[in-house]
Amino acid sequence: MSSKGFDAAALSDIVKAHDALPGRLIQILHDVQARFGHVPEDAARQLANELNISRADVHGVVSFYHDFRTEPTGKHIVRICQAEACQAMGSRALTEHARGALGVDLDGTADDVTLLPVYCLGNCACAPAVMIGERTYGRVTSERFDELIGGLEDGLRGDD
Ligand code: FES
């Protein structure tokens, strides 16, 4: 999902939907990221105010969980699993290949594609696993990765 502009009123609605309970911060952050594509600094500040917690509390949760992003993402999100089963089946080499093919580092964005690490996609039997958008692919070789990315590039030219 790509990033959308921050909207303070929409953020307040998310907080209200969770009864402004500080104990629901993780669920709130998931909803914030689903709405805005990432957790912007303005959102972290507003969340701290509306939940009556410190900004350090918000930042601590955001930085602890790999799923939360603080920077806007591209139109396409490519995740490569970095967890143990995938590492054993070559995900590090696949990641290096992906960095070269996309011209971007992990956690970076270029040409509307964001490359992210992920720690287990629940597809360990078919390692190494890659997720593009909402779809997971297994046993991804460098060649298969290039094919998948070729499809994305078609999309970036307006064909999706
Ligand atoms: S370790 Fe990669 S999908 Fe589980």
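The values are calculated or read from the model by the stated rules, or taken from the named source; none is laboratory data. Given the structure is predicted, the values throughout are model-derived calculations rather than measurements. Note that we place each Cβ from the backbone using ideal geometry, even for glycine, and neighbour counts take in every protein chain shown. For accessibility, only protein heavy atoms count, side chains too; no ligands or nucleic acids. Shrake-Rupley method; radii C 1.70, N 1.55, O 1.52, S 1.80 Å.
Just one of (1) in contact with a helix residue (DSSP H, G or I) (Cβ under 9 Å, 6 or more places away or on another chain); (2) more than 16 Å from the ligand (Cβ to nearest atom); (3) open to solvent by 80 Å² or more (accessible area, probe 1.4 Å); (4) not in a helix (DSSP H, G or I) fails for Glu71. It is (1).
Which members of segment 53-85 meet the condition of being among the hydroxyl-bearing types (Ser, Thr, Tyr) and modelled with pLDDT under 95?
Our first condition is that a residue be among the hydroxyl-bearing types (Ser, Thr, Tyr); within segment 53-85, this holds for 54, 63, 65, 70, 73.
Selection gives Ser63, Tyr65, Thr70, Thr73.
Residue check: Arg144 meets all listed conditions (1) touching a residue at least 12 places away in the same chain (Cβ under 8 Å); (2) within 16 Å of the ligand (Cβ to nearest atom) but one, namely (1). The set of residues from segment 77-131 being open to solvent by 50 Å² or more (accessible area, probe 1.4 Å), within 7 Å of the ligand (Cβ to nearest atom) and in a strand (DSSP E or B) is empty.
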